[in-house]
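Below is one structure, written out as structure tokens, with a few remarks after it.
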Amino acid sequence: MAEKTMVLGDLGHTTKCLSNNFVPINIGFIAAYLQSLYKEKLKIVLFKDSIKLISYIKKNKVDVLALSNYTWNVNLSMYCSKIYKQYHPKGALIIGGPNIHYDKSEIHSWLIKHDFVDFLIETEAEAVCNNIIEKLFENDFDIDFTVDFPGIASL
């Protein structure tokens, strides 16, 4: 099987400079964990800058896009998610972060409103992302599978 590409983003708004210009340790932890498990099978690319992310999405095959979901970047993440699905409609889109509701009916309503999102991570992301990636490899990266592990929601 050819190497698959996963892009992780913890996006900030760009005007004169990048807002929330912090080291993206959240996606760094996820990337390090997944890279330790999948080595040559999974290429992982990280982004803070949404403009650079969109350019990468338009020019490269991206099998999985995983974006953070914070109060300050949820709209930007959703905007980039829609562009991703335009260019990679069969790609897996994962959203996660602390801006997720705990109430199951609220999560369901959010997923209906954002029906282009394939997987919503409700908890810490390292293990759950691994579950998703493992399942994607098992299904030859076909995203049409039933989610049967805790910490994730999907329509």
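With +1 on the Cβ of every Lys and Arg and -1 on the Cβ of every Asp and Glu, and nothing else charged, how large is the dipole of the stretch 61-132 about its Cα centre, in debye rounded to the nearest 20? If you can, show how the numbers build up before the last one.
On the way: 6 positive and 8 negative charges, 77 e Å.
I would put it at about 360 debye.
I'd like the carbon and sulfur percentage of the solvent accessible area for the chain, probe radius 1.4 Å, heavy atoms only, ligands and nucleic acids excluded.
Of the solvent-accessible surface of the chain, carbon and sulfur hold 55 percent.
Which far-off residues, 5 or more places away or on another chain, put their amide H under 5 Å from the one on Val45, with H placed in the peptide plane?
HN-HN under 5 Å from Val45: Met6, Val7, Leu8.
How large is the charge dipole for the stretch 8-155, taken about the Cα centre, if only the Cβ atoms of Lys, Arg (+1) and Asp, Glu (-1) carry charge, to the nearest 20 debye?
820
Can you tell me what share of the DSSP beta bridges in the stretch 35-155 is antiparallel? A percent to the nearest 5 is fine. Please list the in-between numbers first.
Values: 2 of 10 bridges.
The answer is about 20 percent antiparallel.
Can you run phi through the Karplus equation (6.51, -1.76, 1.60; θ = phi - 60°) for the stretch 4-9 and list ³J(HN,Hα) in whole Hz, with x for Gly and Pro?
Result, ordered by residue: 9, 10, 10, 10, 10, x Hz.
Can you work out the accessible area per residue across the stretch 1-126, with the rest of the protein chains kept in place, probe 1.4 Å, in square angstrom?
Accessible surface, normalised per residue, equals 55 Å².
Sequence gap at least 6, Cα distance under 8 Å: using those rules, report the relative contact order of the chain to the nearest whole percent.
It comes to 23 percent, rounded to a whole number.
Please work out whether the chain counts as rounded, prolate or oblate from its C-alpha gyration tensor, where a ≥ b ≥ c are the square roots of the eigenvalues and a/c under 1.5 means rounded, while otherwise a/b larger than b/c means prolate and anything else oblate?
rounded
Kindly provide the helix-only [θ] at 222 nm of the chain, computed as the sum of -39,500 (n - 2.57) over DSSP H runs of four or more divided by all residues, to the nearest 500 deg cm²/dmol?
After summing the helix terms and dividing by the residues of the chain, the value is -12500 deg cm²/dmol.
Please work out whether the stretch 82-140 counts as rounded, prolate or oblate from its C-alpha gyration tensor, where a ≥ b ≥ c are the square roots of the eigenvalues and a/c under 1.5 means rounded, while otherwise a/b larger than b/c means prolate and anything else oblate?
oblate
Taking 18 Å as the cut-off for C-alpha to C-alpha distance, list the pairs among Lys52/Lys90; Lys58/Lys113; Lys59/Lys90; Lys4/Lys113; Lys39/Lys82; Lys85/Lys135 that go past it. Walk me through the numbers on the way to the answer.
Working: Lys52/Lys90 21 Å; Lys58/Lys113 25 Å; Lys59/Lys90 16 Å; Lys4/Lys113 29 Å; Lys39/Lys82 29 Å; Lys85/Lys135 20 Å.
Pairs exceeding the cut-off: Lys52/Lys90; Lys58/Lys113; Lys4/Lys113; Lys39/Lys82; Lys85/Lys135.
Can you compute 3J(HN,Hα) from phi for each residue in the stretch 101-112, using the Karplus curve 6.51 cos²θ - 1.76 cosθ + 1.60 with θ = phi - 60°, rounded to whole Hz and x for Gly and Pro?
For the stretch 101-112, the Karplus curve yields 5, 8, 6, 4, 5, 5, 4, 4, 4, 5, 5, 5 Hz.
The values are calculated or read from the model by the stated rules, or taken from the named source; none is laboratory data. Values in this document were obtained by computation on a predicted structure and should not be read as measured data. Cβ: placed from backbone, ideal geometry, glycine included. Neighbour counts: every protein chain shown. Each accessible area value is taken on the protein alone, full model and side chains, heavy atoms only, with ligands, DNA and RNA left out. Shrake-Rupley method; radii C 1.70, N 1.55, O 1.52, S 1.80 Å.
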